[in-house]
Amino acid sequence: MRKLTSLLATTFFVTALCGLTAVPAQATFGYYAHGTGVQAEGLAGAGIAYPKDSLAIASNPASLFLLGNRLDVGVDFFAPDRGASIVGNGAGADQSYDGSGVKNFLIPQFGYTNTLSDHWAVGIAVYGNGGMNTSYNTNPFARFGATGKAGVNLEQLFVSPTVAYRIAEGHSIGVSFNIAYQLFKADGVGVFAPYSAAPAALSNNHTDHAYGFGVRIGYLGQLTPDLSVGAFWQSKSYSGRFKKYAGLFAEQGSFDAPASYGIGASYRLTDKLDAALDVERIEYSGVPAVANKLGELFLGHPFGADNGPGFGWRDVTAVKLGLNYAIAPQWQIRGGWAWGTQPVRKDQTFLNILAPGVVQHHLSAGATWTSEGGTEISASVTYAPETKVNGSGSIPASFGGGEANVRLSEVVIGLAAGWHL
């Protein structure tokens, strides 16, 4: 009992610490992270059927029984390079713009799992689910009447208490209750105030926050000694409104986290080499603030209205492939590749100057060293090479026409420590 009380105290302390720490914005598959947990990140995010640390319950809640009793604490160092250019514009806005006024971010993560009996296990994960940041010292909308610096900052923190049940030997199901905390601010976009249902709640209103909730359900099964399969479904995380930005986002500031689902498999190729493969779908189309097109403005739906404009993003399908090799009893190395479909349409790049979540390929590598006492030290690095989306019919004639082109590349370095309890 004393040991359990100590572990619970540690859990709540670290959870509170992470909750009070700003979770910097990131963007990989749209604005969702490519993976959760440093070991999974080294596999390019492949982990639905291949849990490596306690953060794996953020991918598949049914992972609890393969993890046993453990505690993991980690941090990602995230460095995105984002920007935009405008060409052929009648208002004289033609120029390249650097959106990396803020260059580096720290993203903490924490996980804890505990097996209670032969049939029940519990855990908790605290992690940055996703986000987006741009910071333009030179405002791309200045020629249209905007003033000051421009940019947005969206941050999403998930706290996910989890429970799993073993339905048969080698097969389990699990559910996570996702508690979402979101922060958002937008600066330098007051030029759109004449097109807003609430002009005073559009730009330069400092940081607003909102809470949301949802669930993630998962299954994990070992079909043969070498083959495991898994699946998950995550509901939309229904969030309160950003009231300070009710004149920017559709539905009076509503910004839910989208639903997602996926399947995965892992296979032991040799005694030392494992392969993991995931396919995931993120349904941005279910969030009007993200999915609605700018053209809604010209159909009589202003910013902030029920059918108001958004970023025009499509749903994303992501494929993740990773390999894990045990080169010695105390050392594992891993690598992976992930690819996702493009969420940003060519005719929607004008507003996406603020949210250029366009990267598609991710190359990852990582390693874990295990001490004689069982402590694991892990590191990973992910590189998302620059992806550009050049506009086509992207800037409305009322803003001088021409095209907006957006770009993004990323480097993510992860460090974590894990303990078997």
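The values are calculated or read from the model by the stated rules, or taken from the named source; none is laboratory data. Since the structure is predicted, the reported quantities are computational estimates derived from the model, not experimental observations. Here the Cβ is made from the backbone with ideal geometry for all residues, glycine too, and neighbour counts use every protein chain on show.
Listed values, structure above:
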quantity	calculated
Options Y165, Y238, Y219; residue that is surrounded by fewer than 22 Cβ atoms within 10 Å (Cβ to Cβ) and at pLDDT below 95	Y238
Residues located in segment 317-341, provided they are of a type in the set (G, A, S) and either without any contact (Cβ under 8 Å) to a residue 24 or more places away in the chain or over 20 Å from T28 (Cβ atoms) (or both)	A326, A328
Test: residue in segment 189-206 that is part of a strand (DSSP E or B) and under 26 Å from G148 (Cα atoms)	yes
Selection from segment 139-152 of residues that are of a type in the set (G, A, S) and not in a loop (DSSP other than H, G, I, E, B)	A142, A150, G151
Selection within segment 369-390 - surrounded by 19 or more Cβ atoms within 10 Å (Cβ to Cβ), under 21 Å from V102 (Cβ atoms) and among the hydroxyl-bearing types (S, T, Y)	T382
L269 being surrounded by fewer than 17 Cβ atoms within 10 Å (Cβ to Cβ) and under 30 Å from W331 (Cα atoms)	yes
Those residues of segment 280-298 which are aliphatic (A, V, I, L, M) and touching a Ser or Thr at 6+ places or on another chain (Cβ under 7 Å), in sequence order	I282, A289, A291
Some residue of segment 153-166 being closer than 30 Å to S398 by Cβ and either touching a residue at least 60 places away in the same chain (Cβ under 8 Å) or assigned to a helix (DSSP H, G or I) (or both)	yes
Which listed residue, of V406, V381, is in a strand (DSSP E or B), under 30 Å from P194 (Cβ atoms) and modelled with pLDDT of 95 or more	V406
Condition met for I333 (assigned to a strand (DSSP E or B), modelled with pLDDT of 95 or more and not aromatic (F, W, Y))	yes
Which listed residue, of G366, G357, G393, is surrounded by fewer than 24 Cβ atoms within 10 Å (Cβ to Cβ), in contact (Cβ under 8 Å) with a residue 12 or more places away in the chain and not acidic (D, E)	G393
Hits in segment 256-293 - residues which are under 24 Å from L43 (Cβ atoms), of a type in the set (K, R) and in a loop (DSSP other than H, G, I, E, B)	K272
Within segment 235-255, tally of residues that are in a loop (DSSP other than H, G, I, E, B) and of a type in the set (G, A, S)	5
Where a residue in segment 342-353 is in a helix (DSSP H, G or I) and its partner, wherever it lies, is among the polar types (S, T, N, Q) and crowded, with 23+ Cβ neighbours inside 10 Å, with Cβ under 8 Å and at least six apart	K346/S394; D347/S394; Q348/S394; I353/T134
So P309, is it in contact (Cβ under 8 Å) with a residue 12 or more places away in the chain, in contact with a helix residue (DSSP H, G or I) (Cβ under 8 Å, 6 or more places away or on another chain) and not in a helix (DSSP H, G or I)	yes
Within segment 183-213, considering residues that are closer than 17 Å to L294 by Cα and among the β-branched types (V, I, T), the one surrounded by the most Cβ atoms within 10 Å (Cβ to Cβ)	V189
Filter result for Y325 (part of a strand (DSSP E or B), farther than 27 Å from V381 by Cβ and of a type in the set (S, T, Y))	no
Qualifying residue in segment 177-184 (condition: touching a His at 6+ places or on another chain (Cβ under 9 Å), part of a strand (DSSP E or B) and either among the polar types (S, T, N, Q) or farther than 21 Å from F249 by Cα (or both))	yes
Filter result for the condition that a residue is of a type in the set (F, W, Y) and over 26 Å from the mean Cα position of the chain (by Cα), over F141, F105, F177, F158	F141
Residue in segment 34-57 that is crowded, with 24+ Cβ neighbours inside 10 Å, outside any loop (DSSP other than H, G, I, E, B) and at pLDDT below 95 present	no
Residues located in segment 299-323, provided they are at pLDDT 95 or above and charged (D, E, K, R)	R314, D315, K320
Some residue of segment 333-348 being among the polar types (S, T, N, Q) and under 24 Å from S380 (Cα atoms)	yes
